[in-house]
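Engineer: Have a look at this one before I ask anything.
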Amino acid sequence: VAGGPQLPVPPIVWSIAGSDSGGGAGVQADLQAFHALGCHGCSVITALTAQNSHQVRKVEVSSLDMLRTTLATLEDDMPAKAIKIGMLATADVVRAVGIFLSEKATEGSSGAVICDPVMVTSSGSVLQDELARQAMIDTIFPRATLITPNKHEAEMLVGYTLRTPEDLERAAHDLLAMGKSGAVLVKGGHALDGLGGERSASGEGLFDAAVAQDYLLESNGKSGLWITSPRLENQNTHGTGCTLSSAVAAFLAQDLPLVDAVVLAKAYVSQGIRAARKLGRGPGPVQQTGWPAS
Ligand code: PLP
């Protein structure tokens, strides 16, 4: 064996997600997060997107054969310590991933599964159809350690608008009841979108414009936790959702408790937003180097 110190073997983390040709979100963001946080990333690409910083021009969903073969090939030799799931465009794709997860669970292998329920890009392109959404609730959420909807995704899932922090807490409880995941993180980064300062009918407190507040609720009876950080002014936030869920997976793969993994992942994304720069005409990607900040 060649000389040099024996470096620790990094845990293997998978991204089961869509490719973003622009390199800001999707599998490309996920792999950067895994690498930056000390893991080896494998990728199961569920769809190709022809995408730049401001638009998705075309989406091509991977064949079920390619999807199943990739899952089986990796499982055979490079099984995951943790899995991040992102874009699942169709019900068939959701079911193929769901069957894989349930077979894995039957065999007793129990890595963490983080599901980011990707539905629509910030630029407005639909990445998941409605049948897929329901199939995801039925077959992926029950196998997930954590689901990470943003405000818009949570609204689509629960069917009502989230106007106040109390609404966000209620949605977290409803999402746990609906999907039976181990925990839910409802992200409030988009909390102010479309609200325009209006006051809720019930008169409850509105979201605080100075902070980004996420609410973590675990199914094991522990009370929920608000995780608050300063709201950053940078508009270059492409890929923040993908990066957050991947960072949680990377920290869980290193045996951190869930709350620690989520708090550290949020700090990682905040650091990435602070350093993010515009690259094309649209929002630039979250910056993913230099963790922790020097
Ligand atoms: N493209 C792909 C393949 C994605 O998985 C995601 C993730 O949500 C996006 C684009 C959306 O990124 P954003 O909403 O940050 O533009």
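The values are calculated or read from the model by the stated rules, or taken from the named source; none is laboratory data. Owing to the predicted nature of the structure, the values given are computational and were not obtained by experimental measurement. All Cβ positions, glycine included, derive from the backbone under ideal geometry; neighbour counts span all protein chains shown.
Engineer: Since A29 meets every condition but one in (1) within 15 Å of the ligand (Cβ to nearest atom); (2) surrounded by fewer than 24 Cβ atoms within 10 Å (Cβ to Cβ); (3) not charged (D, E, K, R), which condition does it not meet?
Structural biologist: (2)
Engineer: Right, something else. Go through (1) within 16 Å of the ligand (Cβ to nearest atom); (2) free of Cβ contacts under 8 Å to residues at least 24 places away in the same chain; (3) within 26 Å of Q254 (Cβ to Cβ) for G24 and report which single condition fails.
Structural biologist: Among (1) within 16 Å of the ligand (Cβ to nearest atom); (2) free of Cβ contacts under 8 Å to residues at least 24 places away in the same chain; (3) within 26 Å of Q254 (Cβ to Cβ), G24 violates only (2).
Engineer: Filter the range 237-249 for residues that are within 11 Å of the ligand (Cβ to nearest atom) and of a type in the set (G, A, S); which is farthest from the chain's Cα centre (by Cα)? Reasoning before the result, please.
Structural biologist: Initially, the range 237-249 is screened for residues within 11 Å of the ligand (Cβ to nearest atom), giving 237-246.
Subsequent filtering for residues that are of a type in the set (G, A, S) retains 239, 241, 245-246.
Working: G239: 9, G241: 5, S245: 3, S246: 6 Å.
Top of the filtered list is G239.
Engineer: Now for a different question. Can you tell me which residue in the range 220-234 is modelled with the highest pLDDT, limited to those that are over 15 Å from A265 (Cα atoms) and among the small types (G, A, S)?
Structural biologist: By that ranking, first place goes to G224.
Engineer: Shifting gears a bit: Please determine whether any residue of the range 237-255 is closer than 25 Å to A80 by Cα, in a helix (DSSP H, G or I) and acidic (D, E).
Structural biologist: No: zero hits.
Engineer: Out of the strands (runs of 3 or more DSSP E) lying entirely within the range 28-94, which hold 1 or more residues that are modelled with pLDDT of 95 or more, within 17 Å of the chain's Cα centre (by Cα) and under 26 Å from L146 (Cβ atoms)? Lay out the reasoning, then the answer.
Structural biologist: Details: elements: 40-51, 56-61, 82-85.
Here the list reads 40-51, 82-85.
Engineer: Contact list please: Cβ distance under 6 Å, first residue in the range 74-103 and free of Cβ contacts under 8 Å to residues at least 40 places away in the same chain, second residue among the charged types (D, E, K, R) and assigned to a helix (DSSP H, G or I), pairs at least six apart or on different chains.
Structural biologist: Short answer, once both residue conditions are applied: A96/R68.
Engineer: For the range 225-236, state whether one or more residues are touching a strand residue (DSSP E or B) at 6+ places or on another chain (Cβ under 7 Å), within 16 Å of the ligand (Cβ to nearest atom) and among the small types (G, A, S).
Structural biologist: no
Engineer: Within the range 102-142, track down each residue that is closer than 24 Å to E218 by Cβ and among the acidic types (D, E).
Structural biologist: Residues satisfying the conditions are D116, D138.
Engineer: All but one of (1) more than 20 Å from G224 (Cβ to Cβ); (2) in contact (Cβ under 8 Å) with a residue 40 or more places away in the chain; (3) not hydroxyl-bearing (S, T, Y) hold for L146; which doesn't?
Structural biologist: If we test L146 against (1) more than 20 Å from G224 (Cβ to Cβ); (2) in contact (Cβ under 8 Å) with a residue 40 or more places away in the chain; (3) not hydroxyl-bearing (S, T, Y), just (1) comes out false.
Engineer: Can you list residue pairs whose Cβ atoms sit under 6 Å apart, with the first residue in the range 112-130 being under 25 Å from T145 (Cβ atoms) and in a loop (DSSP other than H, G, I, E, B) and the second being small (G, A, S) and more than 7 Å from the ligand (Cβ to nearest atom)? Count only pairs 6 or more apart in sequence or on different chains.
Structural biologist: D116/S245; Q128/A89
Engineer: Okay, next question. Are any residues in the range 75-106 within 16 Å of the ligand (Cβ to nearest atom) and hydrophobic (A, V, I, L, M, F, W, C), and if so, which ones?
Structural biologist: I83, I85, M87, L88, A89, V93, V94, V97
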